[in-house]
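The values are calculated or read from the model by the stated rules, or taken from the named source; none is laboratory data. Remember, predicted model here, so these are calculated numbers, not experimental data. Counting neighbours? That spans all protein chains shown, and the Cβs are built from the backbone with ideal geometry, glycine included.
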Amino acid sequence: MQKISVLLFLVWVCFLFYAGIALFTSGFLLTRLELTNHSSCQEPPGPGSVPWGSRGEPGACWMASRFSRVVLVLIDALRFDFVQPQRSYVPGEPSVSLPFLGKLGSLRRILETQPHHARLYQSKADPPTTTMQRLKALTTGSLPTFIDAGSNFASYAIMEDNLIKQFTSAGRRVVFMGDDTWKDLFPGVFSQAFFFPSFNVRDLHTVDNGILEHLYPTMDSGEWDVLIAHFLGVDHCGHKHGPHHPEMAKKLSQMDQVIQGVVEHLENDTLLVVIGDHGMTKNGDHGGDSELEISTALFLYSPTALFPGAPPEEPKVVPQISLVPTLALLLGLPIPFGNIGEVIAELFSEVEDTQPHSSALAQATALHLNAQQVSRFLHTYSAAAQDLQVKELHRLHDLFSKASAEYQRLLQSPQGAEAALQTVITELQQFLRGVRAMCIESWARFSLVHMAGGAALLAAACFLCLLVSQWATAPGFCLHLLLLVPMIWGLAGVVVCAGLLACAGLKLDPVVLGAMAAVGSLLPFLWKAWAGWGSKRPLAALLPIPGPVLLLLLIRFAALFSDSFVVAEARATRFLLGSLILLLVAQLHWEGKLLPPKLFTTPRLGFSAPTSPPRHNGMHALGLGVGLLLCVRLAGLFHRCPEETPACHSSPWLSPLASIVSGRAKNLWYGACVGALVALLAAVRLWLCRYANLKSPEPSVLFVRWGLPLMVLGTAAYWALASGADEAPPRLRALVAGASVVLPRAVAGLAASGLMLLLWRPVTVLAKPTIGAPRTRTVLTPFSGPPTSQADLDYVVPQIYRHMQEEFRGRLERSKSQGPLTVAAYQLGSVYSAAVVTALTLLVFPLLLLHVERISLVFLLLFLQSFLLLHLLAAGIHITTPGPFTVPWQSVSAWALMATQTFYSTGHQPVFPAIHWHAAFVGFPEGHGSSTWLPALLVGANTFASHLLFAVGCPLLLLWPFLCESQGSRKRRQPPGNESEARVRPEEEEEPLMEMRLRDAPHHFNVALLQLGLKYLFVLGVQILACALAASVLRRHLMVWKVFAPKFIFEAMGFIVSSVGLFLGLALVMRVDGAVSSWFRQLVLAQQR
Amino acid sequence: MKDSDIKRLLYIHLSCIFSVILSIFIPSFFLENFSILETHLTWLCICSVFVTAVNLVLYLVVKPNASSKRSSLSYKVTRFLKCCVYFLMSCFFFHVIFVLYGAPLIELVLETFLLAVLLSTFTTVPCLCLLGPNIKAWLRVFSRNGLTSIWENSLQITTISSFIGTWLGAFPIPLDWERPWQMAIERKPNVPYVVELGTVTQ
């Protein structure tokens, strides 16, 4: 099997995963571009729209204001049927007494007694029906999706134009009381605000009682123009008890009293709006798009008469965002720029005027303003983003121009018939509804087909990894077939899909095309698996994972379905990792490998026969385990708390050194950080000294010797500058600023050149021609007496053989005049892992720079921890000399777990506000101007550093047991300056071959690499599959946008980074392999000459 | 022989479970305000004392291991003292393991230590009773092919399932149900007895 086909196969598997992730994402994560344009008073949305000179009036912008003040009572989760009276749903039957019916009696009373003053609507919210998204919609008039691709990810603050912004820029005083979500959404815009914590869902009363304490005094003080009161009790009651609970009746009665009280306090120029932001299901949850979740109540009341007619029997249905343009125009403000809602036309009728014509004209004016604004938004949006359908856009544009022209004509000749005005109104409404429908189509609808397809594709890819990693070790396994056939099928899938789409006249979607290609290429494989299912493969072969590891993976899988466990994943990962470590130690003991063998057998001189597997000292393995646990626990000290756990305190060590006030503490910490750097460097050099030869003249070795200390120096200097930048004397400011730009770039450049050198000449071997006979190195240990047991024979016979060999060779050499040129090649046995470790070290330094200084301690721990883990794992692996080589599942799972654990212990959390944005400014203190890929790369490298490092280091799992092989032998040889040497000559096999065993069996080596890659991809793939399933199954969950969706995004990004890193790591090992081969060839040529 | 051993084992385990149950109910007659959830520290103490006492008494009565050859008083005293030292050491060892697993170092130190004591009573005490203070014998029992009698088999199963029970007890901790029993780090290793009983009696 060739290397290139192994890599290609991995690329194909990665492509399957990517296609699945992309397909799922396209169905689940709805995206929209956020525009930051603002409507302004001076700038009307279109030409010549303002009739009857209202521009002259004070305080009027696009339209004359009807109300000067507004009270907005927002009752969270006020479902529409909560305002219905007690009545039976089926006529003729006695009424069912439901706790939530008939409790809001004051609304009914007002509607009956003052039909011209009040109106009730059934307002339809757009999914996702979560409070934050609804609040965004209710203020911007748009359809918020999960990712509003805006300029600012770091906070939740609304960047788009919105009602609150319009209020404040018009000089209105906005007073807020209630849910503290508003604090994040609108930081610092309220003239007065009373925030109450909304986190605890079980607390029904804190927010409501807090509001009631302030509501009436504030209303009476008159120090406000806009008063917003956001009550949370109903929502929390739904989450805690569900709507069918007596507690709900109490809560709604309380709300009824509130409304009644507010109505009594209203003055004539004030509008009262009572609205629910979303509904709830029968269980009291919300977030999805079922009828009960999206139907909410909207109640308007004005002390002066507002409506010409009596309310209809059945309340009208309006979209929830209609409130935005309506409120804006009623208060004489510009409609927010991004609004796509339609004004509620009947609010703009003239009540006093008896002339029906003017009423229709007023409605048409409001609608026309609204339509102009929406049309302006569409124009701007479609210029910036391409996700709206072009054909539909043209149709709507034509509709709008036609209606607008008609409206202008009617304005010129006001004596026109009322029928013409009605047509204009209908056309404008059609336009507005068409726009909304189009936007909903592209922004606010889960595509269940895409989600299910993506999840199925991910599951199939995992299955493929599992099966092929099983098949790979079987004899007669041919990768070419498994690679070529899928390619053909994939191409066929693409062609068929493209043809179908072209026939149907649909747009070619690259995501769907990719998914079709993936499905097509999977088909023959699935067919093969199906065919081989019944005949020869028992079920046990399909589940090759040993029981405890399988349980561990299952726990990881299941934990992603619970929001508590996702939030506590940092602790859970540490717990699982600790369990796995103890399990490994216990397993070693169970199989008798842990104990020193002398407990079982009598100690014997020269026991360690060269053929016996390396036996480890009991305390050695136990010490490794305890050391690992200690490292994991220490790394856990650098922990950032998720926001969902208020009781938890983040580690203070995650802040940069510059934030420390005390100079002494700062110096101490700085010393510790530089110490960690130096320790890291020293450890790596020591390791390389021990296993690889630092005396080799190869350029990459020279780089390790001289370049790495330079990088450490650069990093330390940069940290010194960064932590003490404010204390620099003014004369040196320019120098400091220059240095803080140059130093990080220099370190990164050094690392890049080091990697290049490593790729160019990866063989760090010192070849030394030795002339003459090789030293006789056979150490004969004394043995006397007749051999009594098998062990004795095992020991004695090779000794005799070797002795005879030496004798024979000595005679041969004496017969020749000059002995053949032998070459001693040092460190050939660790040539692969030396390259990987060098690459990892070169990667670490730039990544370290992107982190806060004190994280360097975590990186030191990371190296230590993986070193210990590798040793522990290697202790449990017995190498079968001719192959096949396998990497056990527990190694791969432990490695993946450790990657996750390091992600958390470097101060990350899978939520957007927790991303370390400062990383984008390392080396670029002035910002990046307009380029976006470079800061994204820097922030991404900071966030997924651990994924990258562990994925690149993955081949070490395969290589390490071979390295550990040398230790047993080294103990036997006594000379202090021991350098394990792998002889080129095949007959001198008494030296440990170490990684040369891999080279000797290239087929098995390639299979092992493939298997390693597939297993790692499987472990990661199972996680991403669990995230995808959790996000789709729990898409109605309260926490879906706060916990599950960010987790999925981070996991998907982490998977992509990991797979790329894995590919690079494997490619590096293969490059080294190629280089070693060519080195051998040169050596042979040199000998022949 | 084997059947009678199994019967004796069954009685021992039944009485252990009974003692755990007793430790829940008996103290409420003597102590005021006793409940598992609120005064969990007291309960942990009482439970470990009960289980230790029952174990000691039963093993003394049943005497599964052959009596040692020497029976001088000084030998017995040193043996007993050695047992005590081993028990304490195992408590400290478990405490260290719990802290390494993520238990807080300073807060809740008493809870953590009592949990270590409780786990020791479920694991170390039977080992001490059956095998005596002999680490090599312990290590032999807990490795493949190291069993010599049904008593050791039972010991192996009980101890391992106690560890697993303790391990399982950590799972409800992150859940946000806000129950008082979550606040106390209470993991109840008496669950494994039920699991293990079925295995032994078969």
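Quick one: would you say A:F561 is at pLDDT 85 or above, touching a helix residue (DSSP H, G or I) at 6+ places or on another chain (Cβ under 8 Å) and over 21 Å from B:G102 (Cα atoms)?
Numbers: at pLDDT 85 or above: yes; touching a helix residue (DSSP H, G or I) at 6+ places or on another chain (Cβ under 8 Å): yes; over 21 Å from B:G102 (Cα atoms): yes.
When the stated conditions are applied, A:F561 passes them.
Quick one: in the range A:95-120, of everything that is among the aliphatic types (A, V, I, L, M) and out of contact with any strand residue (DSSP E or B) (no Cβ under 9 Å at 6 or more places or on another chain), which residue is farthest from A:S253 (Cα to Cα)?
From the range A:95-120, those among the aliphatic types (A, V, I, L, M) are A:96, A:98, A:101, A:104, A:107, A:110-111, A:118, A:120; that's our starting set.
Going one step further and asking which of them are out of contact with any strand residue (DSSP E or B) (no Cβ under 9 Å at 6 or more places or on another chain), we end up with A:96, A:98, A:101.
Working: A:V96: 18, A:L98: 13, A:L101: 10 Å.
For the range A:95-120, the residue satisfying everything is A:V96.
Part of a helix (DSSP H, G or I), within 30 Å of A:A1075 (Cβ to Cβ) and modelled with pLDDT of 80 or more: is that true of A:A746 in this structure?
Yes.
Among (1) within 21 Å of A:V632 (Cβ to Cβ); (2) within 14 Å of chain A (Cβ to nearest Cβ); (3) at pLDDT 75 or above, there is one condition B:T123 misses while meeting the rest; what is its number?
Unmet for B:T123, out of (1) within 21 Å of A:V632 (Cβ to Cβ); (2) within 14 Å of chain A (Cβ to nearest Cβ); (3) at pLDDT 75 or above: (1).
How many residues are at pLDDT below 85 and assigned to a helix (DSSP H, G or I) when one looks only at the range A:389-408? I'd like the intermediate steps shown before the answer.
Of the residues in the range A:389-408, the ones at pLDDT below 85 are A:389-390.
Then keep just the ones that are assigned to a helix (DSSP H, G or I); that gives A:390.
Total meeting the criteria: 1.
So, of the residues in the range B:97-120 that are away from chain A (no Cβ under 14 Å) and out of contact with any Cys (no Cβ under 9 Å at 6 or more places or on another chain), which turns out to be surrounded by the most Cβ atoms within 10 Å (Cβ to Cβ)?
B:L115
Tell me whether the range A:1032-1044 contains one or more residues that are within 24 Å of A:F9 (Cβ to Cβ) and among the small types (G, A, S). So that I can check it myself, show each step before the final result.
Residues of the range A:1032-1044 that are within 24 Å of A:F9 (Cβ to Cβ), as a first pass: none.
Within the range A:1032-1044 (the criterion being within 24 Å of A:F9 (Cβ to Cβ) and among the small types (G, A, S)), the answer is no, since none of the residues qualifies.
Would you pick out the residues in the range A:303-331 that are assigned to a loop (DSSP other than H, G, I, E, B) and in contact with a Leu (Cβ under 7 Å, 6 or more places away or on another chain)?
In the first step, residues of the range A:303-331 are kept if they are assigned to a loop (DSSP other than H, G, I, E, B); the result is A:303-315, A:331.
Selection gives A:P303, A:L306, A:P311, A:P315.
Kindly evaluate B:N55 against the criterion of being in contact with a helix residue (DSSP H, G or I) (Cβ under 8 Å, 6 or more places away or on another chain) and modelled with pLDDT under 75. Walk me through how you get there before you give the answer.
Numbers: in contact with a helix residue (DSSP H, G or I) (Cβ under 8 Å, 6 or more places away or on another chain): yes; modelled with pLDDT under 75: no.
So B:N55 does not fit the description; no.
Being in a strand (DSSP E or B), in the same structural domain as A:F377 (by the TED database), at pLDDT 85 or above and over 45 Å from the mean Cα position of the chain (by Cα) is true for just one of A:R109, A:R119. Which residue is that? Talk me through it step by step, then tell me what you get.
Working: A:R109 fails: in a strand (DSSP E or B).
Going through A:R109, A:R119 in turn, the sole match is A:R119.
Does A:L484 satisfy the condition of being modelled with pLDDT under 80, in a helix (DSSP H, G or I) and either among the small types (G, A, S) or out of contact with any helix residue (DSSP H, G or I) (no Cβ under 8 Å at 6 or more places or on another chain) (or both)? Spell out how you get there, then give the answer.
Numbers: modelled with pLDDT under 80: yes; in a helix (DSSP H, G or I): yes; either among the small types (G, A, S) or out of contact with any helix residue (DSSP H, G or I) (no Cβ under 8 Å at 6 or more places or on another chain) (or both): yes.
In short, yes.
Residues in the range A:456-466: is at least one surrounded by 21 or more Cβ atoms within 10 Å (Cβ to Cβ), at pLDDT 85 or above, assigned by the TED database to the domain that holds A:P127 and under 29 Å from A:Q389 (Cα atoms)?
no
Show me the strands (runs of 3 or more DSSP E) found entirely inside the range A:156-271 where at least 3 residues are buried (at least 21 other Cβ atoms within 10 Å of the Cβ) and of a type outside the set (K, R).
Numbers: elements: A:174-179, A:192-196, A:226-231.
Of the strands (runs of 3 or more DSSP E) lying wholly inside the range A:156-271, those with at least 3 residues that are buried (at least 21 other Cβ atoms within 10 Å of the Cβ) and of a type outside the set (K, R) span A:174-179, A:226-231.
Just to be sure I understand the filter: pairs with C-beta atoms under 7 Å, separated by 6 or more residues or on different chains, first member in the range A:180-194 and more than 15 Å from A:T140 (Cα to Cα), second member among the hydroxyl-bearing types (S, T, Y) and part of a loop (DSSP other than H, G, I, E, B). Which pairs pass?
Final answer for the pair search is A:D180/A:S198; A:T181/A:S198; A:D184/A:S155; A:D184/A:Y156.
Filter the range B:126-139 for residues that are within 14 Å of chain A (Cβ to nearest Cβ) and buried (at least 19 other Cβ atoms within 10 Å of the Cβ) and give the result. Even if it seems obvious, please write down each step before you answer.
First, the residues of the range B:126-139 that are within 14 Å of chain A (Cβ to nearest Cβ): B:134-139.
The one that is within 14 Å of chain A (Cβ to nearest Cβ) and buried (at least 19 other Cβ atoms within 10 Å of the Cβ): B:W138.
Give me the pairs: first residue in the range A:1058-1070 and polar (S, T, N, Q), second residue in a helix (DSSP H, G or I), beta-carbon distance under 6 Å, and six or more apart or on different chains, which are they?
A:S1058/A:H947; A:S1058/A:A951; A:S1058/A:L1020; A:S1059/A:C14
Considering the range B:142-165 alone, what residues qualify as being within 17 Å of B:A116 (Cβ to Cβ), away from every other protein chain (no Cβ under 11 Å) and in contact with a Ser or Thr (Cβ under 9 Å, 6 or more places away or on another chain)?
Narrowing the range B:142-165 to residues within 17 Å of B:A116 (Cβ to Cβ): B:159, B:162-165.
Checking the rest, the ones that are also away from every other protein chain (no Cβ under 11 Å) come to B:159, B:162, B:165.
The answer is B:T159, B:S162.
Residue by residue through the range A:892-923, note down the ones that are among the β-branched types (V, I, T) and under 14 Å from the mean Cα position of the chain (by Cα). Show your work before the answer.
Residues of the range A:892-923 that are among the β-branched types (V, I, T), as a first pass: A:892, A:900, A:902, A:906, A:911, A:915, A:922.
If the condition is that a residue be among the β-branched types (V, I, T) and under 14 Å from the mean Cα position of the chain (by Cα), then A:T900, A:V911, A:I915 are the ones that fit.
Go through the range A:940-959 and give me each residue that's of a type in the set (A, V, I, L, M, F, W, C) and over 18 Å from A:T886 (Cα atoms). Don't jump to the end; show me each part of the working.
Step one: list which residues in the range A:940-959 are of a type in the set (A, V, I, L, M, F, W, C), which gives A:941, A:944-945, A:948-952, A:954, A:956-959.
Once the filter is applied, which keeps residues that are of a type in the set (A, V, I, L, M, F, W, C) and over 18 Å from A:T886 (Cα atoms), the range A:940-959 yields A:A941, A:F944, A:A945, A:L948, A:L949, A:F950, A:V952.
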